[in-house]
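The values are calculated or read from the model by the stated rules, or taken from the named source; none is laboratory data. These figures come from a predicted structure and were not determined experimentally. Here Cβ is always computed from backbone atoms with ideal geometry, including for glycine, and neighbour counts include all displayed protein chains. Areas reflect the complete protein model, heavy atoms only, side chains present, ligands, DNA and RNA absent. Shrake-Rupley method; radii C 1.70, N 1.55, O 1.52, S 1.80 Å.
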Amino acid sequence: MIQMSNPAELRSAIKEERFKAAREGKELKVGLVPTMGYLHEGHASLLRKAREENDLVVLSIFVNPIQFGPNEDLDRYPRDLERDQALAKREGVDIIFAPGTQDMYPTPTKTKVQVAELTTGLCGAARPGHFDGVTTVVSKLLHLASPDRAYFGLKDAQQLAVLSQMVRDLNMDVELVPCPIVREADGLALSSRNVYLTAEQREEALVLSRSLFEARKWYDSGESITPREIRRRMHDLIAAQPLAEIDYIEIVSFPSLEPLAENTAIQELTQPILLALAVKFGGTRLIDNILLHSNEVPVHV
Ligand code: AMP
């Protein structure tokens with residue numbers, strides 16, 4: 001495993017590996033796993049999939065400042081490169097790309113990649129500019145690593161929808177591979193931000209996955225239920241937790257992220273449906289979701 005921080009070095013290291021393989025008459029498949037570090041089993045699941053499907057696995061670790069708003073947690077975002085290196089090694093990563101802000105943005109940037117419409121609702125409403133930061137940095141990483149495949153978690157379902165649109169619209173030659181959400185045994189979706197939670201907040205935060213699993217039960221029960229009614233019931237469950245401050249509970253089509261007819265029974269709809277929420281506990285904003293009409297199986301650590 002090698003580590004580098006210089007973008008040009010990453011590009012030439014990957015080119016070199018491709019040439020080497022070509023000289024032996026082989027085609028090298030490169031898998032990229034972009035992260036902000038402070039790795040957990042969710043990230044590990046992406047790395048494992050990338051390891052299975054590719055010859056060279058590149059892990060990027062970069063806390064991307066341009067996807068954070070002015071009052072967000074950029075400065076206190078957890079970092080532990082040594083621990084990340086150990087996890088990466090365990091998962092068979094070939095290259096860690098861990099640039100600093102100056103490496104990625106040496107001069108003030110004047111170019112942004114922006115996906116319209118898909119970025120205005122859900123997390124985009126509370127975090128203006130966030131997805132422009134994500135699409136810009138992921139574009140840069142895709143250009144630098146030119147991977148055959150890039151791996152993203154369904155934990156950030158809107159991010160995946162936005163990036164898929166970007167890749168299609170800009171004819172990028174990469175396959176985006178969606179990976180299921182990894183949860184703690186008690187249901188809490190793994191997130192680097194979970195370390196911010198006090199014991200009491202963490203206990204209450206279980207309501208996120210619990211309300212989503214309840215919604216799946218209502219949906220599966222055969223009872224005719226509308227999106228409006230699902231949202232109402234989920235709202236009641238979450239609002240019953242004293243420390244929870246609901247940002248949004250939304251039911252939309254996936255991956256087009258369009259609102260559903262509020263008064264149509266959800267069972268009558270045939271497209272995949274995303275049930276997504278964001279809830280704050282103190283200063284910590286957590287997101288979680290499930291997909292209905294899909295074969296996604298929950299993964300627990
Ligand atoms: P982050 O470091 O939070 O930017 O996440 C990097 C990648 O890991 C993103 O594609 C996330 O969707 C994915 N990821 C984060 N948490 C999880 C999880 N609990 N399960 C699956 N993927 C995850």
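So, restricting to strands (runs of 3 or more DSSP E) that lie completely within region 1-115, which ones have at least 1 residues that are touching a helix residue (DSSP H, G or I) at 6+ places or on another chain (Cβ under 6 Å) and within 27 Å of LEU197 (Cα to Cα)? Break it down into steps so the answer makes sense when it comes.
Numbers: elements: 2-4, 30-35, 56-61, 95-97.
The strands (runs of 3 or more DSSP E) meeting that bar are 30-35, 56-61.
What pairs can you find where one residue is in region 164-185 and open to solvent by less than 30 Å² (accessible area, probe 1.4 Å) and outside any loop (DSSP other than H, G, I, E, B), the other is within 12 Å of the ligand (Cβ to nearest atom) and of a type in the set (Ser, Thr, Tyr), and their Cβ atoms are less than 6 Å apart, with a gap of 6+ or different chains?
VAL177/TYR151; CYS179/SER45; CYS179/TYR151; VAL182/SER45
What's the total number of residues in region 43-73 that are open to solvent by 10 Å² or more (accessible area, probe 1.4 Å), touching a Pro at 6+ places or on another chain (Cβ under 8 Å) and within 13 Å of the ligand (Cβ to nearest atom)?
Going through region 43-73 one residue at a time, the tally reaches 2.
Hey, could you check region 161-192 for residues that are polar (S, T, N, Q) and within 20 Å of GLU258 (Cα to Cα) and say which is nearest to the ligand (Cβ to nearest atom)? It would help to see each step written out before you state the result.
Taking region 161-192 first, the residues polar (S, T, N, Q) are 164-165, 171, 191-192.
Still in the list and also within 20 Å of GLU258 (Cα to Cα): 164-165.
Working: SER164: 12, GLN165: 16 Å.
Going through the qualifying residues, I end up with SER164.
Within the set of pairs 6 or more residues apart or between chains, which connect a residue that is more than 7 Å from the ligand (Cβ to nearest atom) inside region 28-42 to a residue that is open to solvent by 40 Å² or more (accessible area, probe 1.4 Å) and modelled with pLDDT under 95 with Cβ atoms less than 7 Å apart?
The qualifying pairs are GLU41/VAL301.
If you scan region 120-160, which residues turn out to be assigned to a helix (DSSP H, G or I), of a type in the set (Gly, Ala, Ser) and within 12 Å of the ligand (Cβ to nearest atom)?
Filtering region 120-160 down to residues assigned to a helix (DSSP H, G or I) leaves 123-126, 130-145, 154-160.
With of a type in the set (Gly, Ala, Ser) added as a condition, the list becomes 124-126, 133, 139, 145, 157.
Passing the criteria: GLY133, ALA157.
Which condition from (1) hydrophobic (A, V, I, L, M, F, W, C); (2) more than 16 Å from the ligand (Cβ to nearest atom); (3) surrounded by 21 or more Cβ atoms within 10 Å (Cβ to Cβ) is the one that LEU208 breaks?
Result: LEU208 passes all but (2).
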